[in-house]
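Notes for the one structure printed next.
The values are calculated or read from the model by the stated rules, or taken from the named source; none is laboratory data. All figures in this text were calculated on a predicted structure; none of them were measured in a lab. Here the Cβ is made from the backbone with ideal geometry for all residues, glycine too, and neighbour counts use every protein chain on show. Heavy atoms of the whole protein, side chains included, go into the accessibility calculation; ligands, DNA and RNA do not. Shrake-Rupley method; radii C 1.70, N 1.55, O 1.52, S 1.80 Å.
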Amino acid sequence: MKLSQLGELGLLADLEQRGLAKGIENDATQLEEGLVVTQDALVEDVHFRLAWMSWRDLGYRAAAVNLSDLAASGADPEALLVTLALPGNTEAEDVLELYEGLNEPGVPIVGGDTSRAEKVMLSVTALGRSGRIPGRAGARSGDRLVVTGPLGAAGAAFRNKRFARPPLRLAEGKELARTAHAMIDVSDGLAVDAGHISARSGVRCVIDLGRVPLAEGATIEDVGFGEDFELLAAVEEAGGFAEIGRCEVGHGVVLLQNREPVQLGGWDHFA
């Protein structure tokens, strides 16, 4: 079966079933003594286009998307490891600018690797510590679904041939992690990421799209684009966060608009 047929989630499930990987249900892994590790790679013309963003923004983005996984784990970031592959004719000044962006969130870069490649590939491993990781498997029927900020900014920006700078929700992640039953960052689209919570927790996620806060210039369709990097959590009480839905008995994700079920797209690397 081709990857385009299997899909990213199908591939991960197959690896687990064959015993070739374990504990990959979350974007980050917790090791001993609260150590949390996560890794994301950005590939030119797949995750970014240099014609649409600066080298500094690329560096910041690479750091931010990894810190978003730490935020979903309620972790305090401690260090970044950076692997960079790029063409030999790249200007050194551009690489320095890239590293300025990587350093912008204030998390030290302590190592990594460099290599030559035909296109730019930037892989960051982020390390942090958390006393409690909600994960994706603990949501319960009756929980409220909340998000930490407006969605759709990335989709709206892409329509205008640019990239939105990801938010950093580390403080919000720590606050939610104290009590949330499940939490994930919205990287693949609201429906897809709610689906991760649904599948791992064994609940149905019902989302009222009319209650989803939208970024300036965004439409509901943009919410399906992904890459917003806000946090989605299943909690008993919404607190000060925007409540957009609920968990109930069942399975899957139901999106409602004007009380009618609707479909919303999402991101799959191999689709």
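General observations
- Among the residues of the stretch 256-271, those that are modelled with pLDDT of 80 or more and either open to solvent by 70 Å² or more (accessible area, probe 1.4 Å) or acidic (Asp, Glu) (or both) comprise 257, 258, 259, 260, 261, 263.
- Condition met for residue 235 (open to solvent by 40 Å² or more (accessible area, probe 1.4 Å) and of a type in the set (A, V, I, L, M)): no
- Scope the stretch 182-194; condition under 15 Å from residue 135 (Cβ atoms) and of a type outside the set (A, V, I, L, M); matching residues: 185, 193
- Evaluation of residue 200 against the conditions (1) under 28 Å from residue 59 (Cβ atoms); (2) at pLDDT below 95 shows that the sole unmet condition is (1).
- Selection count, the stretch 54-64, where residues are part of a helix (DSSP H, G or I), open to solvent by 10 Å² or more (accessible area, probe 1.4 Å) and not basic (Lys, Arg): 3
- Considering residues of the stretch 163-191 that are part of a helix (DSSP H, G or I) and open to solvent by less than 40 Å² (accessible area, probe 1.4 Å) only, the residue nearest to residue 55 (Cα to Cα): 170
- Residues (of a type in the set (Ser, Thr, Tyr), more than 20 Å from the chain's Cα centre (by Cα) and surrounded by 13 or more Cβ atoms within 10 Å (Cβ to Cβ)) located in the stretch 95-142: 99, 141
- Condition met for residue 145 (in contact (Cβ under 8 Å) with a residue 24 or more places away in the chain, under 30 Å from residue 210 (Cα atoms) and open to solvent by less than 60 Å² (accessible area, probe 1.4 Å)): yes
- Only residues that are among the aliphatic types (A, V, I, L, M) and under 23 Å from residue 170 (Cβ atoms) were counted in the stretch 197-213, giving 2.
- Matching residues in the stretch 65-80 - criterion: being assigned to a helix (DSSP H, G or I) and buried (at least 24 other Cβ atoms within 10 Å of the Cβ): 66, 67, 68, 69, 70, 71
- Checking residue 40 against (1) closer than 24 Å to residue 116 by Cβ; (2) modelled with pLDDT of 95 or more; (3) of a type in the set (D, E, K, R), the condition it does not meet: (2)
- Scan of the stretch 40-58 for residues that are more than 14 Å from residue 95 (Cβ to Cβ) and among the aromatic types (Phe, Trp, Tyr), ordered by number: 48, 52
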